[in-house]
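What follows is one structure encoded as structure tokens, with my remarks underneath.
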Amino acid sequence: MKLYDIAHSRAGDKGNTLTLSLIPYKESDYSMLCEKVTAEKVKAHLKEIIKGEVVRYELPNIASLLFVCQQALSTGVTTSWVMDAHGKTLSYALLEMEI
């Protein structure tokens, strides 16, 4: 199953750091996401984009995960030549991940 079947995502940016949230449609799926969607798996899934460390934060009070991805925006929003310097479409790339 792909993540988009059970969750949605938002992306944010600060310099060369990308943040990706992962929020299940049903709160009951949160524990499964915690088990299956690790920082290592996210980094492997987005290996062509994320060059630095990925740290996962669990937010059980709002049933969501937050991934902070270093060196992911080609030097940062104001200096990048890539089409999506803010990384907004990367939330959709995350949702393509198989679990």
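Brief remarks on what is shown
Okay, residues lined up against (1) farther than 16 Å from residue 93 by Cα; (2) free of Cβ contacts under 8 Å to residues at least 12 places away in the same chain:
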| position | (1), (2) |
| --- | --- |
| 3 | no, no |
| 10 | no, no |
| 15 | yes, no |
| 22 | no, no |
| 26 | yes, no |
| 34 | yes, no |
| 44 | no, yes |
| 55 | yes, no |
| 63 | yes, no |
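- Residue ID - modelled with the highest pLDDT, chosen from residues in region 14-37 that are out of contact with any helix residue (DSSP H, G or I) (no Cβ under 9 Å at 6 or more places or on another chain) and among the β-branched types (Val, Ile, Thr): 19
- Residue list for region 49-70, filter: surrounded by fewer than 17 Cβ atoms within 10 Å (Cβ to Cβ) and in a loop (DSSP other than H, G, I, E, B): 51, 52, 53, 70
- Filter result (acidic (Asp, Glu) and not in a helix (DSSP H, G or I)) within region 1-48: 13, 48
The values are calculated or read from the model by the stated rules, or taken from the named source; none is laboratory data. Here the structure is a predicted model, which is why all the values come from computation and not from measurement. Positions of Cβ are generated from backbone atoms using ideal geometry, with glycine treated the same way; all protein chains shown enter the neighbour counts.
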